[in-house]
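> Can you read through this structure? Questions will come right after.
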Amino acid sequence: MKSFSRSVTLGISGASGAQYSLRLLQCLLAADCRVYLMISRAAQVVINTETDVALPQSFAEQTTFLQQHFQPREGQLVLLDREDWFSPVASGSSSPASMVICPASGGTLSAIACGASNNLIERAADVALKERRQLIVVPREAPYSEIHLENMLKLTRMGAVVIPASPGFYHKPQGMNDLIDFVVARILDQLGIDQTIMPRWGE
């Protein structure tokens with residue numbers, strides 16, 4: 001079987017903005033990436049509240065549902081349990097070179113900034129930082145408190161890239177999907193993945 005173009009870790013935490021993460025996942029799979037996916041408990045609630053995706057509660061049912069919904073090729077989409085400490089993303093010896101947390105809740109930002117590693121999303125981010133690998137966090141909060149801003153500054157100084165879920169309007173969006181694609185396109189640009197869903201400035 002043909003190998004994948006690259007591997008990316010995607011963590012979905014419980015901030016508003018589930019549409020961004022689902023669209024990003026779709027684009028990563030379309031770009032022939034292997035995706036290690038983690039969904040927090042709070043993210044399950046947000047996905048079911050904000051989108052038409054009815055994500056089941058149990059891990060086994062989620063795996064089946066996601067395979068049927070996104071139709072990845074064999075081995076392309078790997079859903080990881082929240083405490084799967086033996087998964088590739090939990091160790092610097094085998095974790096992918098890039099990780100995205102989209103959306104990133106304030107609690108997740110705080111945990112990563114202080115190295116809490118209470119669940120697999122936090123541990124995978126900790127691995128990315130300690131190994132000096134690419135970590136992209138996409139906070140979706142308004143307004144930001146001093147705590148949020150301090151944590152984003154700490155993560156930036158550690159080498160992470162902060163991309164707020166703040167779509168621009170210079171591309172004259174025609175609807176909700178255009179606003180979602182604006183943010184997702186910026187994430188793909190940071191990952192170095194070719195994208196055609198949104199033109200760059202000047203194109």
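Every read-out reported here was derived from the displayed coordinates using simple, explicitly stated rules and does not represent laboratory data. None of these values were measured; they are calculated from a predicted model. Backbone-built Cβ (ideal geometry, glycine too); neighbour counts: all protein chains shown.
> Per DSSP H run of at least 4 residues, take -39500 (n - 2.57); add these up for the chain, divide by its residues and hand me the 222 nm value, nearest 500 deg cm²/dmol. Write out the running numbers ahead of the final one.
Values: 7 runs with 83 residues, N = 203.
The helix-only estimate for the chain comes to -12500 deg cm²/dmol at 222 nm.
> Report the per residue volume, in Å³, of the convex hull enclosing the C-alpha atoms of the chain. Could you put the intermediate results ahead of the total?
Numbers: hull volume 25.9 nm³, N = 203.
Taking the convex hull of the Cα positions in the chain, it is 127 Å³ per residue.
> Based only on other Cβ atoms within 10 Å, what is the fewest-to-most ordering of SER93, SER21? Let's see the in-between values first.
Details: SER93 8, SER21 29.
Arranged by neighbour count, lowest to highest, SER93, SER21 become SER93, SER21.
> Would you be so kind as to identify which of ILE101, ASN119, VAL53 lies farthest towards the positive end of the dipole of region 1-140, taking Lys and Arg as +1 and Asp and Glu as -1 on Cβ and the Cα centre as origin?
ILE101
> Here is a follow-up. What span do the alpha-carbon atoms of region 100-203 cover on each of the three principal axes, reported in whole Å from largest to smallest?
41, 30, 22
> Specify the inter-centroid distance of region 53-131 and region 25-51, based on alpha-carbon positions, in whole Å.
9
> Let me ask you something else. Based on the Cβ-Cβ distance from ALA42 to SER3, what FRET efficiency comes out when R0 is 22 Å, to the nearest 0.05?
Between ALA42 and SER3 the formula returns 0.05.
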